[in-house]
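Novice: Handing you this structure, nothing more for now.
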Amino acid sequence: MRRGVRYAEAMRYPDGGGLTAEERARRERVRLAAAEWIEEGASDREVATRFRVTRISANRWRRALVAGGRPALASKGAGGARCKLSPAQLDELQVLLDAGPAAWGWADQCWTLPRIAEVVRTRFGVDYTLPGLDLLLHRLGWSVQVPARQAAERNEEQIAAWREETWPEIERRRRTWAPGWSSKTSPARG
């Protein structure tokens, strides 16, 4: 993750970005329905077509069914590693992030992963890797925000002139009748 990436609360996901309990239950029902087809002798291709999944998924279900029966197809709950923070700490982290970076001494109002990692380490005594912290923030509903920056030297008139005069010359169609060779490995024909 780049250091200049900002996190903002403006783009919140209603369910934290993961599968809800209902979606996990629906997927489990699909796997169990597929198990019936598999037990009746349907091929992986037939199961994949019927349930709109890949043949790899159908094969994985078949192997799980053979190895552990129908219980092996049950939902195992939300995926991922266990969170290092308790639910109360997650609520407190949300409040700390909502307060903004200025509350922690950063004047530019920009939350970055290293800054949030420092807050988590200072407040809760827990170390997160930056990718791990990124996943946690996504689960909490925070998303990456990249600021729109423009150069101070930007000259709109020069840009418009370039688009009108220079770009049409560059964009001009190539000659398609010219002989050539596109292979990088074969020598050019003479």
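The values are calculated or read from the model by the stated rules, or taken from the named source; none is laboratory data. Treat the numbers as computed from the prediction; the structure is a model and nothing was measured. Don't worry about glycine lacking a Cβ; one is built from the backbone with ideal geometry, like all the others, and counts go over all protein chains shown. Note: areas computed on protein heavy atoms with side chains; ligands, DNA, RNA excluded. Shrake-Rupley method; radii C 1.70, N 1.55, O 1.52, S 1.80 Å.
Novice: Label V66 and D127 with points 7 Å out from Cα along Cα→Cβ: what is the distance between them in nm?
Specialist: 4.4 nm
Novice: Using a 1.4 Å probe on the protein heavy atoms only, what accessible surface does R24 show? Give it in Å² to the nearest 10.
Specialist: 60 Å²
Novice: Which value, to two decimals, describes the C-alpha radius of gyration of region 21-73 once divided by 2.2 N^0.38 Å? Mind dumping the intermediate values first?
Specialist: Details: Rg = 10.2 Å, N = 53, 2.2 N^0.38 = 9.9 Å.
Compared with the compact-globule rule of thumb, region 21-73 sits at 1.02.
Novice: Mind putting a number on the dipole of region 21-73 about its Cα centre? Charges go on the C-beta only, +1 for Lys and Arg and -1 for Asp and Glu, and I need it in Debye to the nearest 20.
Specialist: On the way: 13 positive and 8 negative charges, 43 e Å.
That gives region 21-73 a dipole magnitude of about 200 debye.
Novice: Counting only heavy atoms of protein chains, what accessible area per residue, in Å², does region 87-140 have with a probe of 1.4 Å? Write down the numbers at each step before the final one.
Specialist: On the way: 2790 Å² over 54 residues.
I get 52 Å² per residue for region 87-140.
Novice: Here is a follow-up. So if we plug the beta-carbon distance of R163 and W106 into 1/(1 + (r/R0)^6) with R0 = 45 Å, what FRET efficiency do we get, rounded to 0.05? Write down the numbers at each step before the final one.
Specialist: Values: r = 39 Å, r/R0 = 0.86.
Result of the calculation: an efficiency of 0.70.
Novice: Still on this structure, please answer the following. Once region 31-138 is represented by equal point scatterers at the alpha-carbon sites, with solvent omitted, what log10 I(q)/I(0) does the Debye formula produce at q = 0.22 Å⁻¹?
Specialist: -1.09
Novice: How many percent of the accessible area of region 21-73 is carbon or sulfur, using a 1.4 Å probe?
Specialist: On the way: 1840 of 3680 Å².
Using a 1.4 Å probe with all protein chains present, region 21-73 comes out at 50 percent carbon and sulfur.
Novice: Per the 1.4 Å probe, what fraction of the accessible area of region 87-140, in percent, lies on carbon and sulfur atoms?
Specialist: Working: 1600 of 2790 Å².
That fraction is 58 percent.
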